[in-house]
Amino acid sequence: MLIQDDHRATELLTPAATTCPGCGSANSELFYSVDSIPINSCILMRSRDAALTYPRGDMRLTLCQACGFVWNAAFNPRLIQYSDEYEETQAFSDTFNKFHAALADTLIRRYSLEHKTILEIGCGKGEFLALLCERGKNRGIGFDPGYRDSRNKSSARERMEFITDFYSEKYSSYLGDLVCCKMTLEHIDRVNDFVGMVRRAIADRKDTIVFFQIPEMGVILRECRFWDVYYEHCSYFTPGSLSRLFQNCNFDVLNVSTAYDDQYLLIESRPTDAEGRFLNAPEVAPEAPEDVGRWVVIFKKEIDRRRDYWGEYLHSARKSGKRVAIWGSGSKAVSFLTTLGLGEEISAVVDINPYRQGKFMPGTGHEIIAPSALQKNRPDIVIIMNAIYRDEIELMLNGMGLHPELAAV
């Protein structure tokens, strides 16, 4: 049953919602709840009013004690919209672009991806697909409702085809030597069905390499990164739960690793006819489900202290008259601001992505400004929403003659 009240929408918990979407077990534990959070944190809000009245839902993080998978048991996929108003790209960061290029080169070298066909599910604006096509002289096929052709400046553009739709069974005739899916599986609630669909589409083409990248849940739990939990991310994986899902869907696992300061979890696999196995020793050893249970205990014990620390830090800064800016307007910032209930404590939200500038933060209504606007705002403190960008951000601030206190979450 769906309830709608004052721009708030959530689906009531049902027995189906407490059944693991990864393995089907009913042995689950609800361990973290947040009420009334924006249902999407990367949609461009063109007015403060629209941002403040944006629909909300609830978070009910639930652990499967059988396989270690974590999901939002209150997630309602009917509330989520992905369109050309969805702005997720990180390609305006030199730090991210170096990572992206190195990842593309690794896959090309490891799997001899030259003059091949790459199929990417959830390709976003097509940046990674373009790298694979440019650097390996490959042909690319990308699926994403948020793709924008006007932003594709790739030298390999003539070898790429984009379909502005969700990948589904109806596209199973599209084939690839590499099937790539980055930062998409976490948005899908029925993960077993989805990975199984990919396996069926591959059929008997056993040489196909399947590569997925998603957020790494283990570090979120162990370090209580509450800002990395948000509504449109309904599915959360650790190395073990991701490996078990792929093996159950008839994939042999070639490698499991983490990247980008352990924020990303990567799996490389190949289809098989039976339940999959590990063909090599993975870079990251998959943990047992009971290990995830221990991480959940840590999270439950520390989460209030972590939220209280940041709440008190920011309230104290405001009380002493300090101006605080948030650097990064994406999902982490939306979760950070709305979970802590922040408003006037934040004087500015900054983003280097020009497509986000002049828009507004879902849930709080903060206007997103360009870094250059900080020369007028002149913050005393800058909260960095992803510590991996600290050096890049500090260099930009110093270049503008600004030397605020930097605090990375």
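Could you please let me know if residue 392 is of a type in the set (Asp, Glu) and assigned to a loop (DSSP other than H, G, I, E, B)?
Judged against the criteria, residue 392 is not a match.
Yes or no: residue 325 outside any helix (DSSP H, G or I) and under 17 Å from residue 340 (Cβ atoms)?
Against the criterion (outside any helix (DSSP H, G or I) and under 17 Å from residue 340 (Cβ atoms)), residue 325 qualifies.
For segment 255-290, give me each residue that is of a type in the set (D, E, K, R) and surrounded by fewer than 16 Cβ atoms within 10 Å (Cβ to Cβ).
Result: 261, 262, 273, 275, 277, 283, 290.
For segment 304-323, how many residues meet the condition of being surrounded by fewer than 13 Cβ atoms within 10 Å (Cβ to Cβ) and either of a type in the set (Phe, Trp, Tyr) or on the phi > 0 side of the Ramachandran plot (or both)?
Residues meeting the conditions: 2.
Quick one: is residue 355 touching a residue at least 12 places away in the same chain (Cβ under 8 Å), within 16 Å of residue 41 (Cβ to Cβ) and among the aromatic types (Phe, Trp, Tyr)?
yes
Give me the pairs: first residue in segment 151-168 and closer than 21 Å to residue 90 by Cα, second residue among the charged types (D, E, K, R), beta-carbon distance under 7 Å, and six or more apart or on different chains, which are they?
Pairs that qualify, where the first residue is closer than 21 Å to residue 90 by Cα and the partner is among the charged types (D, E, K, R), are 151/125; 154/134; 155/134; 156/134; 162/149; 164/144.
Hey, residue 119 hits all of (1) in contact (Cβ under 8 Å) with a residue 40 or more places away in the chain; (2) in contact with a Lys or Arg (Cβ under 9 Å, 6 or more places away or on another chain); (3) buried (at least 18 other Cβ atoms within 10 Å of the Cβ); (4) not in a helix (DSSP H, G or I) but one; which does it fall short on?
(2) is the only condition that residue 119 fails.
Are any of the residues in segment 237-245 hydrophobic (A, V, I, L, M, F, W, C), under 21 Å from the mean Cα position of the chain (by Cα), over 30 Å from residue 138 (Cα atoms) and not in a strand (DSSP E or B)?
No: segment 237-245 contains no residue that is hydrophobic (A, V, I, L, M, F, W, C), under 21 Å from the mean Cα position of the chain (by Cα), over 30 Å from residue 138 (Cα atoms) and not in a strand (DSSP E or B).
Taking the options 193, 189, 261, 273, name whichever one is under 21 Å from residue 72 (Cβ atoms), of a type in the set (Asp, Glu) and in a loop (DSSP other than H, G, I, E, B).
So the residue among 193, 189, 261, 273 that is under 21 Å from residue 72 (Cβ atoms), of a type in the set (Asp, Glu) and in a loop (DSSP other than H, G, I, E, B) is 189.
So which residues in segment 124-141 are in a helix (DSSP H, G or I) and either out of contact with any Lys or Arg (no Cβ under 8 Å at 6 or more places or on another chain) or hydrophobic (A, V, I, L, M, F, W, C) (or both), if there are any at all?
Those that are in a helix (DSSP H, G or I) and either out of contact with any Lys or Arg (no Cβ under 8 Å at 6 or more places or on another chain) or hydrophobic (A, V, I, L, M, F, W, C) (or both): 127, 128, 129, 130, 131, 132, 133, 134, 135.
Applying the selection to segment 87-116, what residues are touching a residue at least 40 places away in the same chain (Cβ under 8 Å), buried (at least 19 other Cβ atoms within 10 Å of the Cβ) and among the β-branched types (Val, Ile, Thr)?
Result: 89, single match.
Looking only at segment 337-383, count how many residues are surrounded by fewer than 20 Cβ atoms within 10 Å (Cβ to Cβ), in contact with a strand residue (DSSP E or B) (Cβ under 8 Å, 6 or more places away or on another chain) and farther than 24 Å from residue 49 by Cα.
So the count comes out to 2.
Can you confirm whether segment 251-266 contains a residue that is of a type in the set (Ser, Thr, Tyr), within 20 Å of the chain's Cα centre (by Cα), modelled with pLDDT of 95 or more and within 30 Å of residue 51 (Cα to Cα)?
Scanning segment 251-266, I find at least one residue that is of a type in the set (Ser, Thr, Tyr), within 20 Å of the chain's Cα centre (by Cα), modelled with pLDDT of 95 or more and within 30 Å of residue 51 (Cα to Cα), so the answer is yes.
Which is touching a strand residue (DSSP E or B) at 6+ places or on another chain (Cβ under 8 Å) and farther than 30 Å from residue 224 by Cα, of 139, 78?
Checking each option against the conditions leaves just 139.
The values are calculated or read from the model by the stated rules, or taken from the named source; none is laboratory data. Note that the structure is predicted; figures quoted are calculated from it, not measured. Heads up, the Cβs are rebuilt from the backbone with ideal geometry, glycines too, and the neighbour counts pull from every protein chain shown.
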